[in-house]
Amino acid sequence: QVQLVESGGGLVQTGGSLRLSCAASGRFFTINAMAWYRQAPRKQRELVASITSGGSTNIADSVKGRFTISRDNAKNTMYLQMNSLEPVDTAVYSCFAQIHTTELGSASAYWGQGTQVTVSS
């Protein structure tokens, strides 16, 4: 069974930093694209950043210049470095990955359980 487990969330003051991690575990063949989403209370879920298996990245305009996405394919882990955090960044952050569980099959979508990030003013 494939699992994505996030860690690194918490409470931080405005201007602070946090680093989120998302580790994939279980039996699978390879991981394609990975991404971070977030959902604030009473708001729709939004894409924060994504990264391909080759390392190409896409960052939402709302966090560009403050957040950096990266991944370590050897560790099957993705990271989100969040700097200059603001109260508007408060949300549950979830990781997403497209994972091939077999060599010939199509990729399936997997989600982590989410981690809370709270930025106090």
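Only one entry of Thr57, Thr102 meets the criterion of being in contact with a Phe, Trp or Tyr (Cβ under 8 Å, 6 or more places away or on another chain) and of a type in the set (Val, Ile, Thr), and that entry is Thr102.
If you go through segment 85-100 and pick out every residue that is under 15 Å from the mean Cα position of the chain (by Cα), hydrophobic (A, V, I, L, M, F, W, C) and more than 14 Å from Ser25 (Cα to Cα), you end up with 2. Report yes if Phe29 is of a type outside the set (Ser, Thr, Tyr) and open to solvent by 70 Å² or more (accessible area, probe 1.4 Å), otherwise no. It is true that Phe29 is of a type outside the set (Ser, Thr, Tyr) and open to solvent by 70 Å² or more (accessible area, probe 1.4 Å). Of all residues in segment 35-84, those being of a type in the set (A, V, I, L, M), crowded, with 20+ Cβ neighbours inside 10 Å, more than 20 Å from Val2 (Cα to Cα) and under 10 Å from the mean Cα position of the chain (by Cα) number 4.
I want to confirm something. Restricting to segment 85-100 and keeping residues that are of a type outside the set (Val, Ile, Thr) and open to solvent by 70 Å² or more (accessible area, probe 1.4 Å), which single residue is farthest from Gln1 (Cα to Cα)? Out of the qualifying residues, it is Glu86.
Within segment 75-92, is even one residue in a loop (DSSP other than H, G, I, E, B) and without any contact (Cβ under 8 Å) to a residue 40 or more places away in the chain? Taking every residue of segment 75-92 in turn, none turns out to be in a loop (DSSP other than H, G, I, E, B) and without any contact (Cβ under 8 Å) to a residue 40 or more places away in the chain. For segment 94-117, a tally of residues being more than 16 Å from Val48 (Cβ to Cβ) and in a strand (DSSP E or B) returns 6. Whether any residue in segment 101-121 is aromatic (Phe, Trp, Tyr), open to solvent by 50 Å² or more (accessible area, probe 1.4 Å) and within 13 Å of the chain's Cα centre (by Cα) is what I want to check. Yes, because at least one residue in segment 101-121 is aromatic (Phe, Trp, Tyr), open to solvent by 50 Å² or more (accessible area, probe 1.4 Å) and within 13 Å of the chain's Cα centre (by Cα). Of all residues in segment 1-24, those satisfying the criterion of being open to solvent by less than 50 Å² (accessible area, probe 1.4 Å) and either assigned to a strand (DSSP E or B) or without any contact (Cβ under 8 Å) to a residue 12 or more places away in the chain (or both) are Leu4, Glu6, Gly10, Val12, Leu18, Leu20, Ser21, Cys22, Ala23, Ala24. Contact map, segment 50-66: residues that are assigned to a strand (DSSP E or B) paired with residues that are among the aromatic types (Phe, Trp, Tyr), Cβ distance under 8 Å, separation 6+ or inter-chain. Pairs shown: Ser50/Trp36; Ile59/Phe67.
The values are calculated or read from the model by the stated rules, or taken from the named source; none is laboratory data. Because the structure is a prediction, the values reported are computed rather than measured. Counting neighbours? That spans all protein chains shown, and the Cβs are built from the backbone with ideal geometry, glycine included. Note: accessible area is taken over every heavy atom of the protein model, side chains too, but ligands, DNA and RNA are not part of it. Shrake-Rupley method; radii C 1.70, N 1.55, O 1.52, S 1.80 Å.
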